[in-house]
Amino acid sequence: SLSKGIFPASYIHLKEAIVEGKGQHETVIPNELPLIQEVTTTLREWSIIWRQLYVQDNREMFRSVRHMIYDLIEWRSQILSGTLPQDELKELKKKVTAKIDYGNRILDLDLVVRDEDGNILDPEQSSTISLFRAHEIASKQVEERLQEEKQNIDINRQAKFAATPSFALFVNLKNVVCKIGEDAEVLMSLYDPLESKFISENYLVRWSSCGLPKDIDRLHNLRAVFTDLGSKDLKREKISFVCQIVRVGRMELRDNNTRKLTSGLRRPFGVAVMDVTDIINGKVDDEDKQHFIPFQPVAGENDFLQTVINKVIAAKEVNHKGQGLWVTLKLLPGDIHQIRKEFPHLVDRSTAVARKMGFPEIIMPGDVRNDIYVTLVQGDFDKGSKTTAKNVEVTVSVYDEDGKRLESVIFPGAGDEAISEYKSVIYYQVKQPRWFETVKVAIPIEDVNRSHLRFTFRHRSSQDSKDKSEKIFALAFVKLMRYDGTTLRDGEHDLIVYKAEAKKLEDASTYLSLPSTKIELEEKGHSATGKSMQNLGSCTISKDSFQISTLVCSTKLTQNVDLLGLLKWRSNTSLLHQNLKQLMKVDGGEVVKFLQDTLDALFNIMMENSESETFDTLVFDALVFIIGLIADRKFQHFNPVLETYIKKHFSATLAYTKLTKVLKTYVDNAEKCGITDQLFKAMKALEYIFKFIVRSRILFNQLYENKGEADFRESLLQLFKSINEMMSSNSDQTVIVKVCASHISSFASPTTISEIFACLCLKAGFASIKVNSWYFYCREILLPTMTDQLKYHLERQEDLEACCQLLSNILEVLYKKDVGPTQRHVQIIMENLLRTVNRTVISMGRDSELIGSFVACMTAILRQMEDYHYAHLIKTFGKMRSDVVDFLMETFIMFKNLIGKNVYPFDWVIMNMMQNKVFLRAINQYADMLNKKFLDQANFELQLWNNYFHLAVAFLTQESLQLENFSSAKRTKILNKYGDMRRQIGFEIRDMWYNLGKYPEHVFPSVLPQNHLEGYSWKNSVPGWMGIGFENEIITKLDHEVEGGRGDEQYKVLFDKILLEHCRKHKYLAKSGETFVKLVVRLMERLLDYRTIMHDENKENRMSCTVNVPLFLRAIVSVAGRYLYKLCDLHKECDNYTEAAYTLLLHAKLLKWSEEACAAHLTQRDGYQAATQGQLKDQLYQEIIHYFDKGKMWEEAIALGKELAEQYENEMFDYEQLSELLRKQAQFYENIVKVIRPKPDYFAVGYYGQGFPTFIRNKVFIYRGKEYERREDFEARLLTQFPNAEKMKTTSPPGDDIKSSSGQYIQCFTVKPKLDLPSKFHRPVSEQIVSFYRVNEVQRFEYSRPVRKGEKNPDNEFANMWIERTIYVTAYKLPGILRWFEVKSVEISPLENAIETMQLTNDKINNMVQQHLNDPNLPINPLSMLLNGIVDPAVMGGFANYEKAFFTEKYMHEHPEDHDKIEKLMDLIAWQIPFLAEGIRIHGEKVTEALRPFHERMEACFRQLKDKVEKQYGVRLAGLEERRGSRPRSMVRSFTMPSSSRPLSVASVSSLSSDSTPSRIGPRAPWGGESSARDCPQSSLGWVSGESPARIVPKAPWGG
């Protein structure tokens, strides 16, 4: 049957992989290159970070990461394609690893360590030392890459260039855009503009008249490489790339073809120059960029090409008219062989090679070169019989002494064929031509001594017929070899110009015996100057002059007589002694140039005089001189040459005996006068002397099969004995022997060498010895000596770097698997060095460069120690118990310091985890020692146990083990490799704690793993500590850690469960422990809330969570203070200065006016310099007063100022501060009276539904609005914070369905603050003073809303309308430390509402009466409306409903507790009459005649009302003082004038306005004043039943 899958097969790609493990532990390892796997995991890791960067809007980093990701994806696909050649694949792998490492660093990810092939190192298979070194290398490479990015330079490129002594400039000629009209030669070369000289050969391209290369096959392959450039060239201030164009054709281009014209003449045409300094220096490196080099033609015949070059360089720009060259350029590292190998796509066999004129900085053996550069400099030629100056053409050729021309030995330029004759450029009718044309002459070495350069001069005519008749008119020559056998000297040569018949001039015998230069002429006694021509034989010396310059670049020709004498020593052996001595005076550059020949000559002298010792010492000295030269910084690049010579070219089989003998003689006579200096040089050259001895002996063995082995061994032993004796001597001549051991092992028995070497070590006392790999039996001899030496130096803090290097090498060797048994040798190191290394680490500062290396050594020792070693460690201390204690103390403290402040960077994760793994094992091993040695009562060491627990806790809580902070990929990697080490140490701590038994009370509380919030560790380790009083400690640590990101809801539950379980089992902790656990769990809830919201953009949410913590933890000043400071800063960001002040005040109140020391963490704010609590409190008060002033809360500032003034006046006696404070207070008092302060509105906000955070879910808050903020604006602000929330349309409390729903519902309405006037205001005061308390220091807020009771009355909709008034009481007064507080209680009381309503009515009448008493001119209309509204028969004082509702027997029976309130309500009703009486009296006095009937009716109604009230509730008399505003006994408050900015109650302010129209539609206030509909939602709670209205205007339900 067909099997069916869930995906179409075309969508599936099967990937080869290995599956390891099963179930949860299954891991899939793809069958890919390890690098591909790494790229894949890297891309996954980076992609997560990339997304985060996008979310954070970090654009620059986002783009960088995008480029890196795209590069890796592209390179990954290239590697997977399998189409890359090996060299490119290798290069690409390097690029990939470099990019990954760079990306990891800039993204703060872990450093990846690799082997030489770029594969990730496995720490389990690598030694600690090699791991440390790999980290150092990787770190350095990444740093270089960072620098490269920062400075926009290629450090890899720099490193490549630094590693090679020679460079080359690659040039690709793309096109020559130049209107020439004839064939041309394009000559390109490098030029130093400051020295005005060419520094390279020419690269020559022959260009045809049709605008293409003459060799059409090379059309797109015009490439050359200028080689042999060295560091000196890179340091040149300027280098120019110069192109000279020489026209080849007629004398003049404009000549017509009427007559037959001469052709093939080389004529100057122009130059093009480009500054390539930046390319040579590496500042510009783009091989694809095409550079345009503008062309400058020659101006006239006197315009020599060299002059034009200098003019162009000096000029700022060239008027090129679009003519010029197009080239690409790139600097390449290495000599021509390296370049061809590394850059085959640029340089191949067809690429022209233009060498530097002169030697490269290093001449490698096998680089045979014999070039002579000849430059035609200038001449001066008489016109002779002609009327104008001649058109001189110089022809250069090479002849031997027989007059035979050497064919094809002249090279006009790289890329062109060799020629036999070179013809110069012709300058038309110029008497003193200046050519500066250079050719290379390459002659076989055997022909040089017989050859000479010949220069012939000929006038060239523009007409062909005339030109043919022109003969050579003069000749000059110069021999290449001088009379003394040395080569022609470098530099300028002023040649003699000879004249004779043309045929004679062509015969070499005519002139060869004559002097060639003016200097030679003078040497032979002739005058080189003088106007008359001198006859020498058949030739005449002309008055004409001609100068050339030469430069010899030859590895076979020397210009030094002494060196030549040595190289040709066989030709005159009598001078050999002198030549060997003179060698020491030869210039080092000349010697290294002929290094191979010189060394061959020295060893040939030694071999050919094997029977005699005549020259042995001189040859030895010469050899030491040459080795010393190469050690010189100037010639250090010649090391490889010397190495190559020893390995491949050296052949003196008997040299070892002579060298050993001479060296021993020197050592034996070390203290003799005159020997010391030479011995010192010999010791410096010892490495290479031994290399020569070794190589010589090996060659001898190959020839004679170990013949003379015993003699050789004996001679060596004698030599070392001599060295030992020299070391033992106390004289100043003692020299340190560094490296002999590493070169002897190839020819002597290892045991013997070890014995000799151990002896050497002891005598020399030297630590820096190179250790490669030793045999087991060698280590037995060497290791004890070496460890003793290391110990000696380390204890004295000497040669630390050398000691570290040696110890690292030893440990590296002992880690290897193929070096035999190592257990005993590790033991030797442990016994002798472990404690010494520990102490070195302890004494070393963290800023020391060696600290990392020493910690690596210590870790390596511990890692290589087996259980056996740890067990043996105790025995090494002998019976001294104190030694063991000291050792463990030192170790515990050192481990703790290393864990707390790691010596390795945070991104060296592999190194850090390796260290942790080793430390964990060591800690556990040392714990066994504690248990065995220091647990019983007799031996108990409190401090040692103390330190153990401190260390274990530090290990448990260290940053690098907190896996929950890492990405899931990193976490998985660590868990797979190392497991969770916290778990292991957690169990260990628990076991050790229980082992203590009865001692725990001695061990301090702070060993508690205070800040480790991982459930399983606590589960097994916490209970033992519950006997310790550590509440404050744990709360402080908990705060620190939760804020740091540890712990979660799951942890909180686990904490609660485990600790409660253990507390309940405990005899003493059952009750107090449970209380404490509950406290901590509640704190954790708040801390987790705080952490969740900490980075929320909504500052109000952050404030809500921040405030919860200090309010909960007021007792713990340190923690509370920290959060209060944070809250204060949040307020300042939002300009909430009042709230910022209250926040700081909360903290200030926790401090005392005392000299008690102030905890450091309390002063960790800018500008606080306080040592005592009193000083801090003073500074805080000043800051708080400043904030209250900014928030216009002057009343609060004054109160605080009074407390501070008391301190200044009576405690501190700081009158200056006091005076300043009192001036501020005076200003505050003035502000209260004169400055108008905006009154904020208050809003009730309910957050309903499970979608809200826990700290606001299903809670109601009262918010203090901002100045002049309307409810609509406030709601909009609220909804932007919760964009998904839905605004509720009703103001009634929601049901459970909404509260338990998953959504978010917000209810918002305006509430009215209820005034709570301070008791000090016992008499009426200015409204300006009272108005502050209407909206400040309020805790009760009211809201009224109409409700319908019973069925709707069709005739009167208001008949059964009731007002429900709600009083909201907040947790704290507003304003406070927040702009909002949670509502803690809600009151709904009809009776209280009735009392308040009556009270307000009475107050209103009283206020209006007072106004009219104070100001007789006030309009009467508001008073008319107010009085009529109350005395109207339909209203009858507005209390009829109260009587029905409360003044019944039924109500009294059901609510006996309300008796006092009912009495109070009756009292208020009775008090209404005297106020009304006074109002009507004033109304009668002011009423106009027109309104007199209205007044009379009102009086009649009042009398009716008065009779009713006085009959039922008694008579109240108001005397004059009441009229004047004194407060009646039953009144709660009295006001001088009503506030006009806010409605007082249900009654609108509009009812007090000048609008006297009484017929506005709307429910009436209980005293008859009309109320606008908008006031309804702003009122408070209360019920009153309605009654039928008697007027057209709808009345309030209570009859108004």
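The values are calculated or read from the model by the stated rules, or taken from the named source; none is laboratory data. From a predicted model like this one, the values you see are computed outputs, not experimental measurements. So basically every Cβ, Gly included, is an ideal-geometry build from the backbone, and we count neighbours across all protein chains shown. Areas reflect the complete protein model, heavy atoms only, side chains present, ligands, DNA and RNA absent. Shrake-Rupley method; radii C 1.70, N 1.55, O 1.52, S 1.80 Å.
Here is a yes/no grid of residues against (1) at positive phi; (2) surrounded by fewer than 19 Cβ atoms within 10 Å (Cβ to Cβ); (3) among the charged types (D, E, K, R):
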{"residue": "1177", "(1), (2), (3)": "no, no, yes"}
{"residue": "1181", "(1), (2), (3)": "no, no, no"}
{"residue": "1193", "(1), (2), (3)": "no, no, no"}
{"residue": "1197", "(1), (2), (3)": "no, no, no"}
{"residue": "1205", "(1), (2), (3)": "no, yes, no"}
{"residue": "1213", "(1), (2), (3)": "yes, yes, no"}
{"residue": "1227", "(1), (2), (3)": "no, yes, no"}
{"residue": "1238", "(1), (2), (3)": "no, yes, no"}
Task: Yes/no for residue 148 being farther than 27 Å from residue 436 by Cα, part of a helix (DSSP H, G or I), at pLDDT below 90 and open to solvent by 40 Å² or more (accessible area, probe 1.4 Å) - done: no
Open item on the list: With more than 16 Å from residue 477 (Cβ to Cβ) and at pLDDT below 70 as the only criterion, which of 557, 551 stands out?
Closed with: 557
Open item on the list: Tell me the residue from 338, 323 that is in contact with a Cys (Cβ under 9 Å, 6 or more places away or on another chain), touching a residue at least 24 places away in the same chain (Cβ under 8 Å) and open to solvent by 20 Å² or more (accessible area, probe 1.4 Å), please.
Closed with: 323
Task: Only one of 789, 823, 864, 797 that is surrounded by fewer than 18 Cβ atoms within 10 Å (Cβ to Cβ), at pLDDT 75 or above and either over 26 Å from residue 922 (Cα atoms) or in contact with a Ser or Thr (Cβ under 9 Å, 6 or more places away or on another chain) (or both) - done: 797
TODO: Could you name every one of the helices (runs of 4 or more DSSP H) located completely within segment 1385-1462 that has at least 3 residues being buried (at least 21 other Cβ atoms within 10 Å of the Cβ) and either modelled with pLDDT of 85 or more or touching a Ser or Thr at 6+ places or on another chain (Cβ under 9 Å) (or both)?
DONE: 1390-1414, 1421-1431
- [ ] Under 7 Å between Cβ atoms, at least 6 apart or on separate chains: pull out the pairs that start in segment 1270-1297 with a residue that is without any contact (Cβ under 8 Å) to a residue 60 or more places away in the chain and of a type in the set (Lys, Arg) and end on any residue that is in a helix (DSSP H, G or I) and surrounded by 12 or more Cβ atoms within 10 Å (Cβ to Cβ).
- [x] 1287/1275; 1287/1279
- [ ] Pick out the one residue from 839, 796 that is over 34 Å from the mean Cα position of the chain (by Cα) and charged (D, E, K, R).
- [x] 796
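Residue-wise test of (1) surrounded by fewer than 16 Cβ atoms within 10 Å (Cβ to Cβ); (2) modelled with pLDDT under 85; (3) more than 14 Å from residue 981 (Cβ to Cβ).
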position: 899; (1), (2), (3): no, no, no
position: 912; (1), (2), (3): no, no, no
position: 916; (1), (2), (3): no, no, no
position: 920; (1), (2), (3): no, no, no
position: 931; (1), (2), (3): yes, yes, yes
position: 934; (1), (2), (3): no, yes, yes
position: 942; (1), (2), (3): yes, yes, yes
position: 949; (1), (2), (3): no, no, yes
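Here is a yes/no grid of residues against (1) touching a residue at least 40 places away in the same chain (Cβ under 8 Å); (2) part of a helix (DSSP H, G or I); (3) closer than 30 Å to residue 1312 by Cα:
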{"position": "1152", "(1), (2), (3)": "no, no, no"}
{"position": "1180", "(1), (2), (3)": "no, yes, no"}
{"position": "1192", "(1), (2), (3)": "yes, no, yes"}
{"position": "1196", "(1), (2), (3)": "yes, yes, yes"}
{"position": "1200", "(1), (2), (3)": "yes, yes, yes"}
{"position": "1217", "(1), (2), (3)": "no, yes, no"}
{"position": "1225", "(1), (2), (3)": "no, yes, no"}
{"position": "1232", "(1), (2), (3)": "yes, yes, yes"}
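A quick yes/no check of all residues on (1) closer than 30 Å to residue 350 by Cβ; (2) open to solvent by 40 Å² or more (accessible area, probe 1.4 Å); (3) hydroxyl-bearing (Ser, Thr, Tyr):
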{"position": "417", "(1), (2), (3)": "yes, yes, no"}
{"position": "437", "(1), (2), (3)": "yes, no, no"}
{"position": "449", "(1), (2), (3)": "no, yes, no"}
{"position": "471", "(1), (2), (3)": "no, yes, no"}
{"position": "480", "(1), (2), (3)": "no, no, no"}
{"position": "483", "(1), (2), (3)": "no, yes, yes"}
{"position": "486", "(1), (2), (3)": "no, no, yes"}
TODO: For segment 173-265, please list each of the strands (runs of 3 or more DSSP E) lying entirely inside it that holds at least 1 residues being farther than 20 Å from residue 332 by Cβ and open to solvent by 60 Å² or more (accessible area, probe 1.4 Å).
DONE: 203-207
Task: Top-ranked residue of segment 493-509 - restricted to ones that are over 24 Å from residue 549 (Cα atoms) and not hydrophobic (A, V, I, L, M, F, W, C), ranked as most open to solvent (accessible area, probe 1.4 Å) - done: 503
Open item on the list: If a residue must be in contact (Cβ under 8 Å) with a residue 24 or more places away in the chain and closer than 16 Å to residue 1391 by Cβ, how many such residues does segment 1456-1485 contain?
Closed with: 9
TODO: Provide a single number: the residues in segment 281-303 that are open to solvent by less than 20 Å² (accessible area, probe 1.4 Å) and hydrophobic (A, V, I, L, M, F, W, C).
DONE: 2
Open item on the list: For segment 968-989, check the following and say yes or no: at least one residue is open to solvent by 60 Å² or more (accessible area, probe 1.4 Å), closer than 17 Å to residue 881 by Cα and part of a helix (DSSP H, G or I).
Closed with: no
Open item on the list: Against the definition (within 21 Å of residue 198 (Cα to Cα) and of a type in the set (D, E, K, R)), how does residue 286 come out, yes or no?
Closed with: no
Open item on the list: Restricting to segment 1269-1289, name every residue that is surrounded by 15 or more Cβ atoms within 10 Å (Cβ to Cβ) and over 47 Å from the mean Cα position of the chain (by Cα).
Closed with: 1271, 1288
TODO: Could you check, for segment 336-349, whether at least one of its residues is outside any loop (DSSP other than H, G, I, E, B), closer than 23 Å to residue 416 by Cα and in contact with a helix residue (DSSP H, G or I) (Cβ under 9 Å, 6 or more places away or on another chain)?
DONE: no
Open item on the list: Restricting to segment 66-86, name every residue that is out of contact with any helix residue (DSSP H, G or I) (no Cβ under 8 Å at 6 or more places or on another chain) and open to solvent by 80 Å² or more (accessible area, probe 1.4 Å).
Closed with: 67, 70, 74, 83, 86
